[in-house]
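The values are calculated or read from the model by the stated rules, or taken from the named source; none is laboratory data. Quantities reported herein were computed from a predicted structural model and do not represent experimental measurements. Here the Cβ is made from the backbone with ideal geometry for all residues, glycine too, and neighbour counts use every protein chain on show.
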Amino acid sequence: MKKLFFLFIAGTVALSAVAQNNAKSPAPVKKTKNYTTDADLSRWVLDLNFLGGVTTQDYTQGTSTAGYLNSVLVNPGKAKFEKGSSLGFNGQLGYFFGPNCHWGLGAGFTYLSQKGDITLDQYQVQYQATDAAGRIFRQHITGNNLKESVTSTNLNIPVLLKYKYRFSKAFGFTADAGPMFNLQMKNTTTNNGNYDYEAVYKFSGAGSDGSPTVYDAAPVPSSSSYLITKSYFTSINPGGNVAQYFQDNRTAGFNVGLNQKPTNSKGDVSYTTGSVGFIFQPMLSWYLSDHVAINFGGHYMYQSFKNQNVANYAMMNTAGDYSSTLNNVSSTTVSTFGGNVGVRFLFGKPRDNDKDGIINRKDKCPDVWGLAQFQGCPDTDKDGIQDSEDSCRTIPGIAKFNGCPDTDGDGIPDKNDECPTQPGPVALKGCPDRDGDGVADKYDLCPDKPGPVEFKGCPDTDGDGLRDNVDQCPDVAGPASNNGCPLPPPPVVEVPLSTPILFETNKTVVSEVSLPVLEVAIKTLSSDAQSVVIIHGHADAIGKAGYNKQLSLRRAKSVKAQLVKMGADPKRIKVIGHGEADPTASNDTVEGRAENRRAIMRLEVD
């Protein structure tokens with residue numbers, strides 16, 4: 001039974017976990033649930049549950065010796081609780097909090113009526129007693145088939161952590177767990193067993209001549225004692241009538257008897273109140289409406305009790321007064337588990353997060369104050385278009401433009417109009433274009449003269465690539481470096497004929513920088529038919545003198561060849577190679593040697 005119960009609890013918890021997981025799984029399209037979720041249900045609940053199941057009790061017993069005078073050979077037996085059952089109910093008032101209202105707190109009361117049997121095996125005790133005639137003797141009591149029927153009244157106040165999750169219109173999961181504070185644990189017992197009273201009388205004199213009796217405390221009674229026991233009688237009278245033997249001795253005034261019922265077979269035992277236990281109730285909820293649900297599931301309760309009345313315990317005495325086995329229990333733990341069926345009432349005003357008078361489940365904007373005409377959604381700019389459909393929520397507008405205004409009336413809403421106070425075409429984002437050149441006036445540097453886009457709306461009259469507004473000569477083409485104006489003719493610079501023509505080390509190539517000098521030579525030869533040009537070649541002092549002599553001559557010839565190429569008459573050109581002689585600068589420095597690698601043209605009349 002216990003395994004089935006805990007299997008049911010595990011199943012309900014697993015079902016709740018699966019339901020929550022499915023509920024939290026992302027969906028490609030958000031859909032409105034067709035039932036009221038926990039967030040919009042009433043926060044206050046009243047739970048009434050009817051409980052049924054089984055109960056178990058485990059006992060810690062006392063020694064059972066303090067209540068008997070000079071006891072010997074005591075066996076208190078082992079108390080065992082069997083066939084336990086439990087019926088009851090509880091009522092709780094709870095409040096759920098948080099944005100989703102899944103968790104809450106609750107308190108109430110729990111009443112249980114629990115029944116069972118206590119069996120006690122091998123109970124016996126021997127102690128000093130005095131019979132009705134005042135004789136001291138050794139009383140021997142043995143229990144036969146001892147069994148007590150127990151009915152317990154258990155009243156508690158539970159303080160609970162509550163959980164609920166509604167995962168469909170019809171079903172949900174709920175669970176309560178928390179401590180229980182005991183107000184009452186009262187046990188009513190009925191003894192269903194009987195007892196054998198045996199006795200040992202020991203006389204202080206020689207025999208049973210009326211001398212006083214004394215207590216025989218030896219574990220094994222003295223051979224001189226008067227034994228009124230079943231074992232003694234059967235040992236000397238095999239097959240004798242032991243019942244008659246005991247009856248005769250009882251009639252003679254001795255305190256003996258077989259299968260004797262106690263004179264009082266009922267009693268009450270209450271445990272100390274104020275103990276703290278625990279309760280756990282997992283349940284499935286079947287919603288009949290948003291205000292009523294039927295709960296069915298299981299429960300488990302654990303409690304521990306103390307008994308302060310264990311001292312001086314005696315189950316039976318010579319007078320036949322009975323004291324319940326529970327009076328010899330110093331502590332007991334009670335476990336109760338089973339099923340329960342209940343009803344939950346959800347009451348109180350439904351949630352209205354934004355306090356706009358529209359409850360959450362009817363409010364399309366539950367967290368923002370809104371208007372009834374828009375099902376709880378706001379209209380901040382009061383233009384008759386709710387904010388969720390208004391693209392300009394703080395500025396009044398028109399429905400055509402989703403709540404945005406069109407101040408200049410050009411058919412373009414202000415949020416897309418770059419010139420919201422001046423009408424303009426759509427192509428120019430609502431801005432005007434006075435000169436019609438396709439450039440909006442706000443970007444047109446020449447708004448009254450048409451011009452291309454690349455010149456920001458300004459013309460380029462002279463076509464020099466510079467727009468008129470920055471062209472200082474808009475009607476005459478000129479480079480940008482001269483602000484659009486034409487450049488003046490370059491000045492004529494006369495280069496002297498005697499300007500040295502320089503060469504690289506060990507080279508004879510005439511560089512372009514020397515062409516102006518050659519042009520002067522060409523002009524001179526053209527203007528003076530009687531003149532000739534003599535080219536003097538030179539070298540630096542690097543290398544052998546003979547080689548430098550030839551190198552300088554080749555340089556002079558290279559200059560002559562260039563002049564001929566430019567149109568000079570080779571007959572009017574002479575060349576001379578001077579080698580490293582006649583330096584113009586020191587050959588000890590790089591700069592000096594560079595000046596010495598030269599050719600000089602001189603003009604002579606033929």
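Condition check: assigned to a loop (DSSP other than H, G, I, E, B) and farther than 25 Å from ILE136 by Cβ. Does VAL310 satisfy that? When the stated conditions are applied, VAL310 passes them.
Matching residues to (1) of a type in the set (Val, Ile, Thr); (2) at negative phi; (3) touching a Lys or Arg at 6+ places or on another chain (Cβ under 8 Å):
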| site | (1), (2), (3) |
| --- | --- |
| ILE118 | yes, yes, yes |
| GLN124 | no, yes, no |
| THR153 | yes, yes, yes |
| ASN156 | no, yes, no |
| PHE171 | no, yes, no |
| THR188 | yes, yes, yes |
| ASN191 | no, yes, yes |
| VAL200 | yes, yes, yes |
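Restricting ASP367, ASP406 to residues that are assigned to a loop (DSSP other than H, G, I, E, B) and modelled with pLDDT under 80 narrows the list to ASP367.
Listed by first and then second residue, the pairs with beta-carbon distance under 6 Å, at least 6 apart or on different chains, first residue in the stretch 462-486 and basic (Lys, Arg), second surrounded by 17 or more Cβ atoms within 10 Å (Cβ to Cβ), are ARG467/PHE455; ARG467/CYS458; ARG467/ASP460. With respect to LYS78, is the statement that it is closer than 26 Å to TYR302 by Cβ, modelled with pLDDT of 95 or more and charged (D, E, K, R) true? So LYS78 fails the test.
Of all residues in the stretch 60-91, none satisfies the criterion of being in a loop (DSSP other than H, G, I, E, B) and within 29 Å of GLY178 (Cβ to Cβ). Screening VAL453, VAL493 for residues that are out of contact with any Cys (no Cβ under 8 Å at 6 or more places or on another chain), under 30 Å from ARG593 (Cα atoms) and either at pLDDT 90 or above or not acidic (Asp, Glu) (or both) leaves exactly one candidate, VAL493. Of the set (1) surrounded by fewer than 19 Cβ atoms within 10 Å (Cβ to Cβ); (2) assigned by TED's automatic domain parsing to the domain that holds GLU82, all apply to SER324 but (1).
Yes/no matrix, rows are residues, columns are (1) at pLDDT below 90; (2) not aliphatic (A, V, I, L, M); (3) not assigned by TED's automatic domain parsing to the domain that holds VAL72:
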site: LYS147; (1), (2), (3): no, yes, no
site: VAL150; (1), (2), (3): no, no, no
site: PHE173; (1), (2), (3): no, yes, no
site: ALA217; (1), (2), (3): yes, no, no
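Screening the stretch 582-606 for residues that are of a type in the set (A, V, I, L, M) and either in a helix (DSSP H, G or I) or in contact (Cβ under 8 Å) with a residue 12 or more places away in the chain (or both) and picking the one that is surrounded by the most Cβ atoms within 10 Å (Cβ to Cβ) gives ALA599.
Results for (1) over 26 Å from VAL150 (Cβ atoms); (2) touching a Leu at 6+ places or on another chain (Cβ under 6 Å); (3) of a type in the set (Val, Ile, Thr), shown as yes or no for each residue.
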{"position": "TYR59", "(1), (2), (3)": "no, no, no"}
{"position": "GLY62", "(1), (2), (3)": "no, no, no"}
{"position": "THR65", "(1), (2), (3)": "no, no, yes"}
{"position": "LEU69", "(1), (2), (3)": "yes, no, no"}
{"position": "GLU82", "(1), (2), (3)": "no, no, no"}
{"position": "GLN92", "(1), (2), (3)": "yes, no, no"}
{"position": "PHE96", "(1), (2), (3)": "yes, no, no"}
{"position": "HIS102", "(1), (2), (3)": "yes, no, no"}
{"position": "LEU112", "(1), (2), (3)": "no, no, no"}
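Per-residue answers, yes or no, for (1) assigned to a helix (DSSP H, G or I); (2) closer than 27 Å to GLY143 by Cα; (3) modelled with pLDDT of 90 or more; (4) among the hydroxyl-bearing types (Ser, Thr, Tyr):
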{"position": "PRO179", "(1), (2), (3), (4)": "no, no, yes, no"}
{"position": "TYR197", "(1), (2), (3), (4)": "no, yes, yes, yes"}
{"position": "LYS202", "(1), (2), (3), (4)": "no, yes, yes, no"}
{"position": "VAL220", "(1), (2), (3), (4)": "no, yes, no, no"}
{"position": "TYR232", "(1), (2), (3), (4)": "yes, yes, yes, yes"}
{"position": "GLY240", "(1), (2), (3), (4)": "no, yes, yes, no"}
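Restricting attention to the stretch 242-301, the residues being more than 22 Å from TRP44 (Cα to Cα), charged (D, E, K, R) and in a loop (DSSP other than H, G, I, E, B) number 1.
All conditions in (1) surrounded by 12 or more Cβ atoms within 10 Å (Cβ to Cβ); (2) outside any loop (DSSP other than H, G, I, E, B); (3) touching a Ser or Thr at 6+ places or on another chain (Cβ under 9 Å) hold for GLU519, with the sole exception of (3). In this structure, LEU155 does not qualify as within 60 Å of the chain's Cα centre (by Cα) and either surrounded by 22 or more Cβ atoms within 10 Å (Cβ to Cβ) or not assigned by TED's automatic domain parsing to the domain that holds LEU73 (or both).
Of all the residues in the stretch 370-402, those that are assigned to a loop (DSSP other than H, G, I, E, B) and out of contact with any helix residue (DSSP H, G or I) (no Cβ under 9 Å at 6 or more places or on another chain) number 4. LYS557 meets the stated requirement of being surrounded by 15 or more Cβ atoms within 10 Å (Cβ to Cβ) and over 19 Å from LYS523 (Cα atoms).
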